[in-house]
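The structure appears below as structure tokens.
The values are calculated or read from the model by the stated rules, or taken from the named source; none is laboratory data. None of the values given here were measured: they were computed from a predicted structure. All Cβ positions, glycine included, derive from the backbone under ideal geometry; neighbour counts span all protein chains shown.
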Amino acid sequence: MPDQPYDLIVGLETHVQLLTQTKLFCGCSTKFGAAPNTQTCPVCIGLPGSLPVMNRKAFRLGLVAAIALNCEIPEFTKWDRKQYYYPDLPKGYQISQYDLPMSKSGWLEISDPKGRFATKKVGIIRAHLEEDAGKSLHDEAAGKADSRIDLNRTGTPLLEIVSAPDIRSTEETRAYLTELKLLLTYLNVSDCNMQEGSLRVDANVNIHIQTLQGKIATPIVEIKNLNSFRFIERALAYEAKRQYDVWQETGRKMGDPGTFKQTRGWDDAKGVTFSQREKEESSDYRYFPDPDLCPVITLAGDVREVRGSLAELPAAMRHRLEKSYGITPYDSDVIVAQGQPLVTYYEEVARIGGDGKKAANWVTQEVLRVLNEQAWSLEKFPLTAGALGELVKLVVAGEIEITRAKEVFNDMVAHKRSAAESMAALGIGKVDSSELEAICREIVAANPKIVADVKSGKQQAVGALVGQAKKKNPNANPNDVRRICLEIIERM
């Protein structure tokens, strides 16, 4: 926020549901959408005598994500009980990790193709495993103001990724979350579906204000359970201004009586954060090692094996596409953001078409336009990469100009034809050079004023001749018409 009289400081706690079929410490299903309280057992609701057993796949997925986030992987990690009481936490504690997490000290690089901020590395303090709590269902809208509890999510495996307070704007916040979500979906660690609760974000935010006495840091506020990137950006912008307004009104400094860390919620309808409670410190949770779960040992060989199994990650993929095909960071960002299938599709179009930039234009503009309009996945798209590549190849060779090529593209999609078949059906073909020159001589002779304008230095006037040529033959290539007309006028 460069136009603000303060610096925004943001650290994010991102909770990601791991792609397992069963919960972290029991065999209950994690499938979304089941009837309330139908996916529970004595273990996940904490009945006396029940014993947890660690889900090995969940730990593996957490390890994959942590290594991709450049984290250090300690050999020894353990489980801890985080004690607090809430109606949707039937055990009265959450199994998490405290002082010996499964990973720490990583980073995620973020950038902005639009150039609003410089490329930077956001530190990852830790990424650790924990089980989810249940869900409170509030019926305030119906006027009854009653609440119900659904324990289906209780015990669902989460990876909590805690960033360092390195983020300095709402744009950087969105870039970090976008890159993190993209990375985790490429790794197949999580589907990151925010609507289903597979990705949730808590934002720790405060501001630094420069005063004559030095820099003042306001108390940290944690904004809980932000479930869309739009909400997050709006909440951060509002909260930063609110803290500045409070500081101006009260003149309080950090540490004065009455200033404390707090937890706030976000009301998107009103566009405001609201106070929920004072923010807890770690001591308030009375962490202690879980007596029912064994520590986990991760050997160096295991880490090497996981690192060696990782496929190409999004950042490396963008860099490779830019270098190999000569496309812009913006184009590579759009292509990679759609997922691996579109990357593969694009590379085939570029290979056959023979021009990486033109292939990127067709894929990011025309292909994505149709997919969005029809709500199709790429698998349903009727045009193969080979077929589109042949069309791009014709454009590159000058066999068809861009406007008519788009007509061909639409026909190919509608009728599942090849480029040659669509061109034949639409009566589109390259105009013979002698015919095109005859057309140009005719329109030049019929437009002496345009000829005079061109001879006086106004070469843009020749554009009117291009339109006339297209009327005589819609297949006339505008670039060829412009070139030939200028050559004819020059010889006059």
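Please work out which residue is surrounded by the fewest Cβ atoms within 10 Å (Cβ to Cβ), limiting yourself to the stretch 52-99 and to residues that are of a type in the set (D, E, K, R) and in a loop (DSSP other than H, G, I, E, B).
Ranking the qualifying residues of the stretch 52-99, first place goes to ASP99.
Against the numbered list (1) at pLDDT below 95; (2) surrounded by 11 or more Cβ atoms within 10 Å (Cβ to Cβ); (3) out of contact with any Lys or Arg (no Cβ under 7 Å at 6 or more places or on another chain); (4) not in a strand (DSSP E or B), TRP266 comes up short only at (4). On the basis of being without any contact (Cβ under 8 Å) to a residue 40 or more places away in the chain, farther than 24 Å from LEU61 by Cα, assigned to a strand (DSSP E or B) and touching a strand residue (DSSP E or B) at 6+ places or on another chain (Cβ under 6 Å), does ILE216 make the cut? When the stated conditions are applied, ILE216 passes them. For ILE209, the criteria (1) farther than 30 Å from PHE32 by Cα; (2) in a helix (DSSP H, G or I); (3) in contact (Cβ under 8 Å) with a residue 60 or more places away in the chain hold in every case but one, which is (2).
With respect to the conditions (1) exposed (fewer than 11 other Cβ atoms within 10 Å of the Cβ); (2) at pLDDT 90 or above; (3) within 30 Å of ALA66 (Cβ to Cβ), SER198 lacks only one, and its number is (1). Within the stretch 186-218, being among the polar types (S, T, N, Q) and touching a Pro at 6+ places or on another chain (Cβ under 9 Å) holds for ASN204, ASN206, GLN210. Quick check: anything in the stretch 330-341 in contact with an Asp or Glu (Cβ under 9 Å, 6 or more places away or on another chain), aromatic (Phe, Trp, Tyr), within 30 Å of LYS393 (Cα to Cα) and not assigned by TED's automatic domain parsing to the domain that holds ALA175? No, that holds for no residue.
One residue stands out in the stretch 29-63 among those that are among the aliphatic types (A, V, I, L, M) and free of Cβ contacts under 8 Å to residues at least 12 places away in the same chain: the one that is nearest to LEU310 (Cα to Cα), namely ALA35. Looking at the structure I just gave you, is ASP132 in the same structural domain as GLN17 (by TED's automatic domain parsing) and over 25 Å from the mean Cα position of the chain (by Cα)? When the stated conditions are applied, ASP132 does not pass them.
Looking at the structure I just gave you, is ASN447 under 20 Å from ASN477 (Cα atoms), modelled with pLDDT of 85 or more and not assigned by TED's automatic domain parsing to the domain that holds VAL367?
When the stated conditions are applied, ASN447 passes them.
Of all the criteria given as (1) part of a helix (DSSP H, G or I); (2) surrounded by fewer than 20 Cβ atoms within 10 Å (Cβ to Cβ); (3) touching a helix residue (DSSP H, G or I) at 6+ places or on another chain (Cβ under 9 Å), the one not satisfied by GLY398 is (1).
Looking at ALA414 and the list (1) under 43 Å from the mean Cα position of the chain (by Cα); (2) surrounded by 14 or more Cβ atoms within 10 Å (Cβ to Cβ), which single condition is not satisfied? Failed condition: (2).
ARG304 falls short on exactly one of the conditions (1) free of Cβ contacts under 8 Å to residues at least 60 places away in the same chain; (2) surrounded by 17 or more Cβ atoms within 10 Å (Cβ to Cβ); (3) within 30 Å of GLN97 (Cα to Cα), and that condition is (2).
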